[in-house]
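**Q** One structure coming up, written as structure tokens, with questions to follow.
No lab work stands behind these numbers, since they all come straight from the coordinates. Just so it is clear, the model here is predicted, and its values are computed rather than measured. Please note: Cβ atoms are built from the backbone with ideal geometry, for glycine as well, and neighbour counts cover all protein chains shown.
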Amino acid sequence: MKILVLFAHPKISDSIVQVEMLERIRGLDDVTVHDLYAAYPDFLIDVEREQALLLQHDLIIFQHPFYWYSSPAIIKEWQDLVLEHDWAYGGRGNKLHGKFLMNAISTGGPQNFYAHGGKDRFEIRELLNPFNQTAYLCGMGWLEPFAIYVGRRIPPADLSQQAEKYRDLAVGLRDGTLDPLKHLAKNYKLPASFATKKDKRHASA
């Protein structure tokens, strides 16, 4: 699979975890890293360019810090403009059918915060449900989110290990040694439109 990483961090100079994650995947064959804030500092998103990138890739990864239980603002702006009716969804909107979507995030809090009964009350995948529904509406498979917890307080050795797991996940999905259909998010059911893509591997799933 070809992978498109839509990277979003408005203050990358202050980042530790996201920079480490980015460095582990940058330069990999068939992995395109697209820094949205660098490309569009004025938020004037080139819709045709972005749609062309989506068509060229099989797995789209939103890589971002977990800001207020969601993403930095430019990802929302990107979704609002790029995922057009009758292109990404709607009666004729089939351009993303059969592709996959995933979030790769970093959090400030520890993993046990993101649980029923924890400080943040919900699991990560529940808080990311708008992305779940976006994938579903667009006929895509939504993969289990990848998360690195505790942000700047993570020990360097742990950060290195977790960032390497991120790289291994990307490489495995790219090379097919990891089956994306076996890495769907918990309780995520593929939409019927997923199988309409003219790809025998997906259609037989």
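**Q** What is the gain in length, in nm to one decimal, between Gln133 and Thr177 on full extension, counting 0.36 nm per residue of separation less the C-alpha to C-alpha distance?
**A** 13.2 nm
**Q** For the range 3-203, with the dipole built from +1 on Lys and Arg beta-carbon atoms and -1 on Asp and Glu ones, taken about the Cα centre, which of Gln63, Gly176, Met21 lies farthest toward the positive end?
**A** So the residue we want is Gly176.
**Q** By count of other Cβ within 10 Å, fewest leading, how are His57, His34, His116 ordered?
**A** With the sparsest Cβ surroundings first, the list reads His116, His34, His57.
**Q** I would also like to ask the following. Taking every DSSP beta bridge with both residues inside the range 53-205, roughly what % is antiparallel (nearest 5)?
**A** Approximately 15 percent, going by the DSSP bridge assignments.
**Q** Full-extension gain between Asn112 and Gln79, please, as 0.36 nm times their residue separation minus the C-alpha to C-alpha distance. Intermediate values should be presented prior to the final figure.
**A** On the way: separation 33, 0.36 × 33 = 11.88 nm, distance 2.98 nm.
The Asn112-Gln79 span can extend by a further 8.9 nm.
**Q** Determine the distance separating the Cα centre of the range 87-109 from the Cα centre of the range 141-198; give it in Å without decimals.
**A** Here the answer is 14 Å between Cα centres.
**Q** In nm, to one decimal, how far is the modelled label at Val19 from the one at Glu126, with both set 7 Å along Cα→Cβ?
**A** For the pair Val19/Glu126, the computed spacing is 3.5 nm.
**Q** Follow-up. Taking K and R as +1 and D and E as -1, what net charge do the other residues with C-beta under 11 Å from the C-beta of Tyr40 add up to?
**A** Cβ neighbours under 11 Å give a net charge of -4.
**Q** Size of the dipole of the range 3-203 about the Cα centre, Lys and Arg at +1 and Asp and Glu at -1 on the beta carbon, nothing else charged, in debye to 20?
**A** Dipole size: approximately 600 debye.
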